[in-house]
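Down below is the structure, laid out as structure tokens.
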Amino acid sequence: MNSLGYAAVAYAAVVMLSGGHALAANFCRTEHMTCATTMPVEGYCECRSHGVTEDGTVGPVRPPHSRINATAAGCGTSPNAPGCR
């Protein structure tokens, strides 16, 4: 296997082990949820889990002692927020 093949396998392993959040650079923190997001830092964000969506604020790193327990939900309730337009 060539070096490109090894890189592809390593990337796939990272994505699978991280729950598919390897490309998201920031984290959305709501009252009860944390999710990876590509929204700008200190901007608006939403996390969704089990049919429930909560508004939150984006931070550059995952808050200490928290785990990703939701997925990014977009801009449903605030479509004009920074990063949503």
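Being outside any loop (DSSP other than H, G, I, E, B), under 10 Å from CYS35 (Cα atoms) and not hydroxyl-bearing (Ser, Thr, Tyr) is the filter here; which residues of the range 57-85 pass it?
Result: VAL58, ALA72.
Scan the range 17-32 for residues that are modelled with pLDDT of 90 or more and more than 16 Å from CYS75 (Cβ to Cβ) and jot them down. Step through it out loud before you land on a result.
So the first thing to find is which residues in the range 17-32 are modelled with pLDDT of 90 or more, and the list is 26-32.
Selection gives PHE27, ARG29, GLU31, HIS32.
Name the residue, out of ARG62, ARG67, that is among the basic types (Lys, Arg) and loosely packed, with under 15 Cβ neighbours inside 10 Å.
ARG67
The values are calculated or read from the model by the stated rules, or taken from the named source; none is laboratory data. If you're wondering where the values come from, they're calculated on a predicted model, not measured in any experiment. Cβ atoms come from the backbone with ideal geometry, glycine included; neighbour counts cover every protein chain shown.
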